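Working notes, beginning with the structure itself.
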Amino acid sequence: MDTAPSTSDKILDIAQSLVVRGGYNGFSYADISDAIGIRKASIHHHFATKNELVAVLVDRYTRHASEGLKALDDRFPNPLDRLKAYLNYWQGCIKDASAPICVCAMLAGEMAMLPDDISSKVQAHFARLAQWLTAVLKAGVEQGLFLLPRKPGDEAQLFMAAVHGAMLSARAMDDPKLFRVITKPLLDRLTADSGRVF
């Protein structure tokens, strides 16, 4: 069975790497054309406009993210292990530069300049992530693993902001280890047993 990526997938893959590197306004179809070796007209055949391309890219990214979170739920019944795995995933991506920053986090920095349909998709991604984090934190409280100083929804927002801020700091300082330095205290402050080691 042929599992080679389609031209559309190749375009989306390159677009994702370009968005991660420079945001929505940091690339053009000429950049994709140069990277893949196809004419700009061919890209327009698959994605008529840049807006359409990035909208499809965000849909694909959020679908993969949702699948990834569900996989963590299935694989790690323990909420603490689930959060560790979530952080370890990003640590690995940042370390090997396979995904040094969340696509939606990169786009969120340009919210005021994004087309409305894309900005609403980015907001929906963060709402889903916050919902997942809230559910994990609630489960941790119910199992006696976490002590939350605030409501689970508020703690989820704090956790999410810290993780994405850690991505930015690691990138700005060109130091992947900074991600762990910043995110380790997130779990330390949540765990009811201060003797736990992350």
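Derivation of every value follows stated rules applied to the coordinates shown; laboratory data play no part. Nothing here was measured: the structure is a model prediction, and the numbers come from that model. Glycine gets a Cβ as well: all are built from the backbone with ideal geometry, and neighbour counts include every protein chain shown.
Identify the residue in the range 89-99 that is of a type outside the set (Lys, Arg) and in contact (Cβ under 8 Å) with a residue 12 or more places away in the chain and, among all such residues, is surrounded by the fewest Cβ atoms within 10 Å (Cβ to Cβ).
TYR89
Only one of the listed residues (LEU80, LEU53) is at negative phi and touching a Lys or Arg at 6+ places or on another chain (Cβ under 8 Å). That residue is LEU80. The set of residues from the range 25-59 being under 18 Å from ALA105 (Cβ atoms) and either of a type in the set (Asp, Glu) or touching a Leu at 6+ places or on another chain (Cβ under 6 Å) (or both) comprises PHE27, LEU57, ASP59. Consider the range 167-179 and keep the residues that are without any contact (Cβ under 8 Å) to a residue 24 or more places away in the chain and assigned to a helix (DSSP H, G or I). The one that is surrounded by the most Cβ atoms within 10 Å (Cβ to Cβ) is LEU178. Taken across the range 180-192, residues that are small (Gly, Ala, Ser), in contact (Cβ under 8 Å) with a residue 40 or more places away in the chain and out of contact with any Asp or Glu (no Cβ under 9 Å at 6 or more places or on another chain) do occur, with at least one present. For the range 46-58, the set of residues classified as surrounded by 14 or more Cβ atoms within 10 Å (Cβ to Cβ) and either in contact (Cβ under 8 Å) with a residue 60 or more places away in the chain or among the small types (Gly, Ala, Ser) (or both) consists of ASN51, VAL54, ALA55, VAL58, listed by residue number. Of the candidates ILE43, ILE11, the single residue that is of a type outside the set (Lys, Arg), surrounded by 14 or more Cβ atoms within 10 Å (Cβ to Cβ) and touching a residue at least 40 places away in the same chain (Cβ under 8 Å) is ILE11.
Looking only at the range 100-118, residues that are surrounded by 18 or more Cβ atoms within 10 Å (Cβ to Cβ) and over 22 Å from ALA170 (Cα atoms) come to 2 in all. Criterion applied to ALA105, ALA135 was being within 19 Å of LEU190 (Cα to Cα) and in a helix (DSSP H, G or I), and the one residue passing it is ALA135. For first residues located in the range 75-86 and in contact (Cβ under 8 Å) with a residue 12 or more places away in the chain and more than 10 Å from VAL136 (Cβ to Cβ), partners that are of a type outside the set (Gly, Ala, Ser) and part of a helix (DSSP H, G or I) and lie 6+ apart or on another chain with Cβ distances below 7 Å form the pairs LYS84/LEU187; ALA85/LEU72.
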